[in-house]
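Undergrad: Handing you a structure now.
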Amino acid sequence: MKGQWEVVIGLEIHTQLATVSKIFSGAATAYGAAPNTQACLVDLGYPGTLPVLNREVVRMAAMFGLAVNATIAPRSVFARKNYFYPDLPKGYQISQYELPIVAGGELFIAGDDGAQKRIGITRAHLEEDAGKSIHEGFDRQSGIDLNRAGTPLLEIVSEPDLRSAREAVAYMRKIHSIVRYLGISDGNMQEGSFRCDANVSVRPRGQEKLGTRAELKNLNSFRFVERAINFEIERQIDVLEDGGEVVQETRLYDADRDETRSMRSKEEANDYRYFPDPDLLPVEIDAAWVEELRSALPELPDAKRERFVAQYELKPDDAEILTASRALADYYEAAVSAGSGAPQAVGNWVIGDLTGALNRDGLDIAESKVAAEQLAGLVDRIADNTISGKIAKEVFDAMWAGEGSADEIIAARGLKQITDTSAIEAIVDKVIAANPGQVAEYQAGKDKLIGFFVGQVMKETQGKANPGVVNQMLKAKLAG
Amino acid sequence: MSLDNEQVQHIALLARLRLADDELGETVEKLSRIVDFVDQLAAAPTDDVVPMAHPLNAVQRLRPDAVTEPDDRDHLQQNAAAVSDGLYLVPKVIE
């Protein structure tokens, strides 16, 4: 029985910070450069080089800390995490251990019971990324690209407060949204700028002691996080119910097979022998800088969502979607202010047809082919009954195809709704005359046939009649 | 002796050093002497002393976020044992 088990999940999220240069060197961080063209002496671990900390990295980490109501350490320390791997030329990763830059934060998600749920953030610390190893295409050799070595990462560690894969994804989405609002990371998961490890364990409901956990690696999409955690929960429950014990280990998620697999190799690997890096002095952030950063914080997703509900009277679920990214929220607000005030209708179009078109064409909101002002113009023409909602979809597609504003398209294609009731009446009469059989059936009590008649009239008018008017007129005439 | 054979073998493995059997005893003794020497520091009363990371109490200097290191790959890779298409080649890493 699944119900007798409680799931406990904590996430470690690695966010690549959006700097132009590396955390400890002046090499570039641009994605997709030719191998090793962005790896300087410091990144390559040459003897005699020294790390010099990037100020922007410190600022970004502190901004994150403030956004999640955490403490910004007035003094934090870098430490060496020692292990051998070819994509780590120095033999150690510079990270933070005992004194991270951010400690003790929180955020709120919609919990499984629907109520707001607080998720604790244990810490967030700065570290450098490693390079990339390429194993395919070489005979008994691996190729090493160190462009990524030294890229700044903020590792955000949650408390084990998450109780399902769904909650884990909601938390991850919230962090994703916050780092993008702050402009401290592009959050691009395909490029590895935002990735996650999950610590998953189960315990009998009511037991205080945590079960043995497995650490899942390689989770680089929201969907994979959900699937990998769900697979792992089932696996651990099966093991326990068969009388076995969960082994503490690292498991790799294989998306192709939708399963997690043990990474047997490294029994000793967790002995990292951290010690303070003698090449780097403690980082001090004074209160004045913290206050300067606090005053520069943008409106964050939760606050924006609440404002959208209050100001635009949006449904809370819609406000949540519209504020998931700052760019989408800005687009929405631009469209509302450009139009003559139908915030929910604008919201419906942004969430529906616009998002659909963006997804279909694989575009970001910033690349939308329909500008906010264009969308506002379209919503206004529906509101003033110039066009019906159905015709509006045709106009939207034409705008997407670059045919101009809603007004231009309506004029060019002759889509203006027929408001002349005598014109509609003539067509209604024609449809009634042409379908005597259906008329008889309707009059005998088959009310549903009204839809057939409306459809016929709309067809005759190429959708340009107002469906409400047509409906009313048909009912009156057929009754008589 | 503050360290035992097993601890030193473990450290050697982590450091990727191979210790021959006849080297072990001497290594354990020498490393133990270093640890014992440093352990004397623990005897000093430091309860009221604020930890110091630098003799002049300096703190970390920060540099502006700017690209100052141009691509120097061809030059740097002259030091490499083997390269291919811009990649450094190493013996196959088996996971």
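Undergrad: Considering every residue within region A:379-397, establish whether at least one is among the aromatic types (Phe, Trp, Tyr) and within 20 Å of residue A:321 (Cβ to Cβ). Full working, then the answer.
TA: At the first step, the residues of region A:379-397 found to be among the aromatic types (Phe, Trp, Tyr) are A:396.
Now drop any that are not within 20 Å of residue A:321 (Cβ to Cβ), which leaves A:396.
There is at least one residue in region A:379-397 that is among the aromatic types (Phe, Trp, Tyr) and within 20 Å of residue A:321 (Cβ to Cβ).
Undergrad: Looking at (1) open to solvent by 60 Å² or more (accessible area, probe 1.4 Å); (2) more than 20 Å from residue A:385 (Cβ to Cβ); (3) among the hydroxyl-bearing types (Ser, Thr, Tyr), which one does residue A:442 not meet, given that it meets all the others?
TA: (1)
Undergrad: With respect to the numbered conditions (1) among the hydroxyl-bearing types (Ser, Thr, Tyr); (2) within 22 Å of residue A:271 (Cα to Cα); (3) away from chain B (no Cβ under 14 Å), which one is the sole condition not fulfilled by residue A:177?
TA: In the conditions (1) among the hydroxyl-bearing types (Ser, Thr, Tyr); (2) within 22 Å of residue A:271 (Cα to Cα); (3) away from chain B (no Cβ under 14 Å), residue A:177 misses (2) alone.
Undergrad: Listed residues A:286, A:254; which is at negative phi, within 14 Å of another protein chain (Cβ to nearest Cβ) and in contact with a Pro (Cβ under 8 Å, 6 or more places away or on another chain)? It would help to see each step written out before you state the result.
TA: Values: A:254 fails: in contact with a Pro (Cβ under 8 Å, 6 or more places away or on another chain).
Going through A:286, A:254 in turn, just one is at negative phi, within 14 Å of another protein chain (Cβ to nearest Cβ) and in contact with a Pro (Cβ under 8 Å, 6 or more places away or on another chain): A:286.
Undergrad: Now for a separate question. Looking at A:18, A:61, A:70, can you tell me which residue is touching a strand residue (DSSP E or B) at 6+ places or on another chain (Cβ under 6 Å), closer than 24 Å to residue A:217 by Cβ and not β-branched (Val, Ile, Thr)?
TA: Details: A:18 fails: touching a strand residue (DSSP E or B) at 6+ places or on another chain (Cβ under 6 Å); A:70 fails: closer than 24 Å to residue A:217 by Cβ.
The unique qualifying residue is A:61.
Undergrad: Identify the single condition in (1) at the interface with chain A (Cβ under 7 Å from one of its Cβ atoms); (2) open to solvent by 100 Å² or more (accessible area, probe 1.4 Å) that residue B:71 does not satisfy, given that it satisfies every other one.
TA: Residue B:71 satisfies all of (1) at the interface with chain A (Cβ under 7 Å from one of its Cβ atoms); (2) open to solvent by 100 Å² or more (accessible area, probe 1.4 Å) except (2).
Undergrad: Would you mind stating whether residue A:49 is out of contact with any Asp or Glu (no Cβ under 7 Å at 6 or more places or on another chain), within 14 Å of chain B (Cβ to nearest Cβ) and not charged (D, E, K, R)? Full working, then the answer.
TA: Numbers: out of contact with any Asp or Glu (no Cβ under 7 Å at 6 or more places or on another chain): yes; within 14 Å of chain B (Cβ to nearest Cβ): yes; not charged (D, E, K, R): yes.
So residue A:49 fits the description; yes.
Undergrad: A follow-up question, please. All but one of (1) part of a loop (DSSP other than H, G, I, E, B); (2) away from every other protein chain (no Cβ under 12 Å) hold for residue A:99; state the number of the condition that does not hold.
TA: (2)
Undergrad: In region A:21-36, what residues are assigned to a loop (DSSP other than H, G, I, E, B) and either crowded, with 21+ Cβ neighbours inside 10 Å or within 7 Å of chain B (Cβ to nearest Cβ) (or both)? Give the derivation first.
TA: Going residue by residue through region A:21-36, those that are assigned to a loop (DSSP other than H, G, I, E, B) are A:22-27, A:29-36.
A:22, A:23, A:24, A:25, A:26, A:27, A:29, A:34, A:35, A:36, listed by residue number.
Matching residues to (1) within 14 Å of another protein chain (Cβ to nearest Cβ); (2) of a type outside the set (S, T, N, Q); (3) surrounded by fewer than 14 Cβ atoms within 10 Å (Cβ to Cβ); (4) closer than 23 Å to residue A:42 by Cβ:
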| residue | (1), (2), (3), (4) |
| --- | --- |
| B:1 | no, yes, yes, no |
| B:11 | yes, yes, no, no |
| B:25 | no, yes, yes, no |
| B:42 | no, yes, yes, no |
| B:52 | yes, yes, yes, no |
| B:67 | yes, yes, no, yes |
| B:83 | yes, yes, no, yes |
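Undergrad: Which one of these does residue A:392 not meet: (1) assigned to a helix (DSSP H, G or I); (2) exposed (fewer than 14 other Cβ atoms within 10 Å of the Cβ)?
TA: If we test residue A:392 against (1) assigned to a helix (DSSP H, G or I); (2) exposed (fewer than 14 other Cβ atoms within 10 Å of the Cβ), just (2) comes out false.
Undergrad: Follow-up. So for region A:277-299 (the condition being within 29 Å of residue A:217 (Cβ to Cβ), in the same structural domain as residue A:62 (by TED's automatic domain parsing) and open to solvent by 40 Å² or more (accessible area, probe 1.4 Å)), does at least one residue qualify? Steps first, please.
TA: First pass over region A:277-299, keeping only residues within 29 Å of residue A:217 (Cβ to Cβ): A:277, A:279-280, A:283.
With in the same structural domain as residue A:62 (by TED's automatic domain parsing) added as a condition, the list becomes A:277, A:279-280, A:283.
Next, only the ones that are open to solvent by 40 Å² or more (accessible area, probe 1.4 Å) stay: A:279.
Yes: region A:277-299 contains one or more residues that are within 29 Å of residue A:217 (Cβ to Cβ), in the same structural domain as residue A:62 (by TED's automatic domain parsing) and open to solvent by 40 Å² or more (accessible area, probe 1.4 Å).
Undergrad: Next question, about the same structure. Could you grab the pairs with beta carbons closer than 6 Å, sequence gap of 6+ or different chains, first residue in region B:51-79 and assigned to a loop (DSSP other than H, G, I, E, B), second one of a type in the set (Val, Ile, Thr)?
TA: B:60/A:283; B:65/A:19; B:65/A:20; B:67/A:20; B:71/A:37
Undergrad: Then there is this: In region A:242-255, what count of residues is obtained for those that are touching a Phe, Trp or Tyr at 6+ places or on another chain (Cβ under 9 Å) and open to solvent by 40 Å² or more (accessible area, probe 1.4 Å)? Walk me through how you get there before you give the answer.
TA: Here is the first cut: in region A:242-255, the ones touching a Phe, Trp or Tyr at 6+ places or on another chain (Cβ under 9 Å) are A:253, A:255.
Among the residues that remain, those that are also open to solvent by 40 Å² or more (accessible area, probe 1.4 Å) are: none.
So the count comes out to 0.
Undergrad: Also: Quick check on my filter: what residues within region A:53-78 are within 12 Å of chain B (Cβ to nearest Cβ), surrounded by 18 or more Cβ atoms within 10 Å (Cβ to Cβ) and not in a helix (DSSP H, G or I)?
TA: Answer for region A:53-78, where residues must be within 12 Å of chain B (Cβ to nearest Cβ), surrounded by 18 or more Cβ atoms within 10 Å (Cβ to Cβ) and not in a helix (DSSP H, G or I): A:53, A:54, A:76, A:77, A:78.
Undergrad: If we keep just the residues of region B:85-94 that are within 7 Å of chain A (Cβ to nearest Cβ) and within 13 Å of residue A:140 (Cα to Cα), which is most open to solvent (accessible area, probe 1.4 Å)?
TA: Applying the filter and picking the extreme gives B:91.
Undergrad: Next question, about the same structure. How many of the residues making up region A:147-158 are at the interface with chain B (Cβ under 10 Å from one of its Cβ atoms) and open to solvent by 10 Å² or more (accessible area, probe 1.4 Å)? Quick ask: steps written out before the conclusion?
TA: Here is the first cut: in region A:147-158, the residues at the interface with chain B (Cβ under 10 Å from one of its Cβ atoms) are A:147, A:152.
Checking the rest, the ones that are also open to solvent by 10 Å² or more (accessible area, probe 1.4 Å) come to A:147.
Here the count works out to 1.
Undergrad: Can you find, within region A:37-46, the residue that is farthest from the other protein chains (Cβ to nearest Cβ) among those that are in contact with a helix residue (DSSP H, G or I) (Cβ under 8 Å, 6 or more places away or on another chain) and under 21 Å from residue A:191 (Cα atoms)?
TA: For region A:37-46, the residue satisfying everything is A:39.
Undergrad: Say we look at region A:1-20 and pick out the residues that are out of contact with any Gly (no Cβ under 9 Å at 6 or more places or on another chain) and within 14 Å of another protein chain (Cβ to nearest Cβ); which of these is most open to solvent (accessible area, probe 1.4 Å)?
TA: Only one residue tops the list, namely A:20.
Undergrad: Residues that are part of a strand (DSSP E or B), in the same structural domain as residue A:148 (by TED's automatic domain parsing), free of Cβ contacts under 8 Å to residues at least 60 places away in the same chain and open to solvent by less than 40 Å² (accessible area, probe 1.4 Å): does region A:218-231 have at least one? Before you say what the answer is, go through the steps one by one.
TA: Within region A:218-231, the first condition is being part of a strand (DSSP E or B), and the residues that meet it are A:218-219.
Pick out the ones that are also in the same structural domain as residue A:148 (by TED's automatic domain parsing) and you get A:218-219.
If we keep only those that are free of Cβ contacts under 8 Å to residues at least 60 places away in the same chain as well, we get A:218-219.
Imposing the further condition that a residue be open to solvent by less than 40 Å² (accessible area, probe 1.4 Å) reduces the set to A:219.
Yes; the residues of region A:218-231 include at least one that is part of a strand (DSSP E or B), in the same structural domain as residue A:148 (by TED's automatic domain parsing), free of Cβ contacts under 8 Å to residues at least 60 places away in the same chain and open to solvent by less than 40 Å² (accessible area, probe 1.4 Å).
Undergrad: Moving to a separate point now. How many residues does region A:81-96 contain that are assigned to a loop (DSSP other than H, G, I, E, B) and away from chain B (no Cβ under 12 Å)? Walk me through how you get there before you give the answer.
TA: Filtering region A:81-96 down to residues assigned to a loop (DSSP other than H, G, I, E, B) leaves A:83-91.
If we keep only those that are away from chain B (no Cβ under 12 Å) as well, we get A:90.
Qualifying residue count, region A:81-96: 1.
The values are calculated or read from the model by the stated rules, or taken from the named source; none is laboratory data. Computed from a predicted structure; not experimentally measured. Please note: Cβ atoms are built from the backbone with ideal geometry, for glycine as well, and neighbour counts cover all protein chains shown. These accessible areas exclude ligands, DNA and RNA; they are computed on the full protein's heavy atoms, side chains included. Shrake-Rupley method; radii C 1.70, N 1.55, O 1.52, S 1.80 Å.
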